[in-house]
1. Tell me yes or no: at least one residue of the stretch B:23-32 is crowded, with 21+ Cβ neighbours inside 10 Å and not hydrophobic (A, V, I, L, M, F, W, C).
2. Those residues that are away from chain B (no Cβ under 14 Å) and part of a loop (DSSP other than H, G, I, E, B), I need them from the stretch A:55-107; list them, please.
3. Could you tell me which numbered condition B:ASP24 fails, if it satisfies all but one of (1) of a type in the set (D, E, K, R); (2) within 14 Å of chain A (Cβ to nearest Cβ); (3) touching a Lys or Arg at 6+ places or on another chain (Cβ under 6 Å)?
4. Check whether at least one residue in the stretch A:39-51 is within 20 Å of A:LYS95 (Cα to Cα) and in contact with a Cys (Cβ under 8 Å, 6 or more places away or on another chain), and report yes or no.
5. Starting from residues that are more than 20 Å from B:ASP191 (Cβ to Cβ) and of a type outside the set (Phe, Trp, Tyr), keep the ones in the stretch B:77-93 and report whichever is farthest from the chain's Cα centre (by Cα).
6. Quick one: which helices (runs of 4 or more DSSP H) sit completely within the stretch B:176-280 and have at least 2 residues that are away from chain A (no Cβ under 14 Å) and crowded, with 21+ Cβ neighbours inside 10 Å?
7. Take residues that are closer than 21 Å to B:ALA209 by Cβ, of a type in the set (A, V, I, L, M, F, W, C) and touching a strand residue (DSSP E or B) at 6+ places or on another chain (Cβ under 6 Å) and tell me which of the strands (runs of 3 or more DSSP E) falling wholly in the stretch B:91-162 contain 2 or more.
8. Somewhere in the stretch B:69-90, is a residue within 24 Å of B:ALA271 (Cα to Cα) and among the charged types (D, E, K, R)?
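The values are calculated or read from the model by the stated rules, or taken from the named source; none is laboratory data. Just so it is clear, the model here is predicted, and its values are computed rather than measured. Here the Cβ positions follow ideal geometry from the backbone for every residue, glycine too, while neighbour counts run over all protein chains shown.
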Amino acid sequence: MAGRFSWLDRSEGESVAAYDKRINELEAFHSGYAFLSYENYCPEFAAFAVYTVWNDEFNKKLTDPLPEGGFMIHCDEKRAIEMCTSGHGFPVFVKLLSRLGRLYVESYVMADKEVLFDLYFNGCEVKKPEGLVFMETELPKSVSLLRTEDDTLRSQSTGSCGRSSYISGSFLRGSFLRGSYIKGSFIKGSYLRSSYLRGSYSKGSFLAGFYTSGLSGSYLTWFFGGSSYLKQLFGAGSYRNVIFSGGSFRAGSFIRGSYMSGSYTGRYFLTGSFYSGSYHSGSFIYGGFSDVMTVSYKPGKDGEAAWEHEPNRNRQEGAVVRRLIEELGYGLDLI
Amino acid sequence: MNGFYSLWTRPSGEGEDKDFAMQDYELACLLLSVASYERYNGRTRLYADKRAGAFFMERGLEEVFSRGICEFTVPDDIDPKVFWAGGKLYALSLEEMPSVMVDTDLIIWKSLGRQLKDKSVAVIHREELNPAIYPDPGSFRMKQGYAFPGSWDFNIRPANTAMLYIKDNDFRDCYVEEAVRFMRSIEHTEDNLCPMVFAEQRILPMCAAQRGLSIYSFCDRLEGLREQDMFTHLWGHKNVFKFNMDERRSFIRRCLLRLERDFPQMYKKAAEVAELKAYA
């Protein structure tokens, strides 16, 4: 039997180059469903971990079959509640990529009628929603995920959407900026996602990246800064909110986050729901921490702060740190 | 100080009839690792099974390892699904000590000379005895006739061997023999974590203690791995590269940029490889 996705096979006599070209020119197509449950939504960061179910025949053709978990979208709480109460899954479209005859997924979107959500894999945890309902849902009329491989924005980029594998410039501003490499002396935006981000001035409401390193400057403020690996947060910003950040924090007047790991040598104010690592000094350190260890401020003889760690009795100390290190690796910023 | 890598392709799950191909991010990381090791530490060799060796030969990468590529085999009775890292132990048995065993997804950025001086055994870091990962050895179903040596202390913390230094052949033989004996003596199991880490990470420190050797570790605390500037280890982050092409591209480009800047000779070779050409 041919199967629904047999056209993804390399046909007899088709060269690897011809196959790559054919696949890479394909439009995005429907390949699975995303299921949403409010227990996987984080309103604080508008982050929604989604449970995905893939067409099995399609999935087996990929070099690395897609997992059910680990994918995330971002949306506001109102939209999240609406989608959770819809009672069905949302179609997921994929744009394929073929390299040397091997099949990968280039990008994903989840569709709620005509509204498309950027779906991306970051390995996040997701709880399987109960009672998955498969039913015909209204598909969007068109989904365009074709990207320009070497599209480059230089010097100045202002607009509602900037998406490129390399964005560099002295002034970058937009409501949506996404790139695998973003560098600039001024970066401002309401949504910014990058695997490599570096700038001397940055301001915005959302920041995410896997290797957000060397984010520095005299002014630095993000409503939400999320990074799997964030190292060296410099500057004197008035407000910082960091989640899932590991590495070394040095100097800052206010750092706040729900998870922070690493060493801290700053002096002013630090607060978070979970903190681990080694800490050296701080004039005021606050924590209402309940996970793994408790951190509290204790004035030292010389006026500098000292830390007290109280391991949580209900959880094995270091288990979370171990999991994060295993999943994220370490020293990736050294490359 | 000599170093070596190993590639055993049977755990990759692809049939023997199919060509083996490293993923582009794996190859970029390995080339950077070899370049850095050869600059700061010494000469390298790759122990590769037939298919892995062919992969490097076809791409003209055999000279990347200054001590060349050495073909090795892992016996058929070693279950590749359970002992997916078993190839490392067989490669270790062939390498002349002292030498450093390096995982293909690990990069060592500095000289190890000062730390390894006067050490018998060294690993990258120690592990906590988490019972979910390191259960009581009594829980393993072993074949008749196998018994754990009575002198083993099961309370010793495991040692992570993403990087392993052993000074002499004598201790190497002791460790490999016991690990292989364990791998060959376990009854069929679907567990692909606990038996593997027992063979690789627990037998090593128990053998060392048995011989009165202490193990040096570069990081004693897990948190310390985040703060050090000596090692890059992809570890589970490879899963993100599998399913997130933006991250994958970014990582490979960064590897190539680093090669171009600091290791131009290796960059030239990398830029000619089909898997990496598009990123160069």
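1. Let us first name the residues in the stretch B:23-32 that are crowded, with 21+ Cβ neighbours inside 10 Å, namely B:24-25, B:27-32.
Right, trim to not hydrophobic (A, V, I, L, M, F, W, C) and you get B:24-25.
Checked against the condition, which is being crowded, with 21+ Cβ neighbours inside 10 Å and not hydrophobic (A, V, I, L, M, F, W, C), the stretch B:23-32 yields at least one hit.
2. If the condition is that a residue be away from chain B (no Cβ under 14 Å) and part of a loop (DSSP other than H, G, I, E, B), then A:ASN55, A:LYS61, A:CYS75, A:ASP76, A:THR85, A:SER86, A:GLY87, A:HIS88, A:GLY89 are the ones that fit.
3. With respect to (1) of a type in the set (D, E, K, R); (2) within 14 Å of chain A (Cβ to nearest Cβ); (3) touching a Lys or Arg at 6+ places or on another chain (Cβ under 6 Å), B:ASP24 is out only on (3).
4. As a first pass, look at the stretch A:39-51 and keep what is within 20 Å of A:LYS95 (Cα to Cα): A:50-51.
Then drop every residue that is not in contact with a Cys (Cβ under 8 Å, 6 or more places away or on another chain), which leaves none.
No.
5. First pass over the stretch B:77-93, keeping only residues more than 20 Å from B:ASP191 (Cβ to Cβ): B:90-93.
So of that shortlist, the ones also of a type outside the set (Phe, Trp, Tyr) come out as B:91-93.
On the way: B:ALA91: 10, B:LEU92: 10, B:SER93: 13 Å.
Within the stretch B:77-93, the match that is farthest from the chain's Cα centre (by Cα) is B:SER93.
6. Values: elements: B:194-197, B:203-210, B:224-227, B:238-243, B:245-262, B:264-272, B:274-277.
The qualifying helices (runs of 4 or more DSSP H) are B:203-210.
7. Working: elements: B:99-102, B:106-108, B:121-126.
Those strands (runs of 3 or more DSSP E) span B:121-126.
8. Scanning the stretch B:69-90, I find no residue that is within 24 Å of B:ALA271 (Cα to Cα) and among the charged types (D, E, K, R), so the answer is no.
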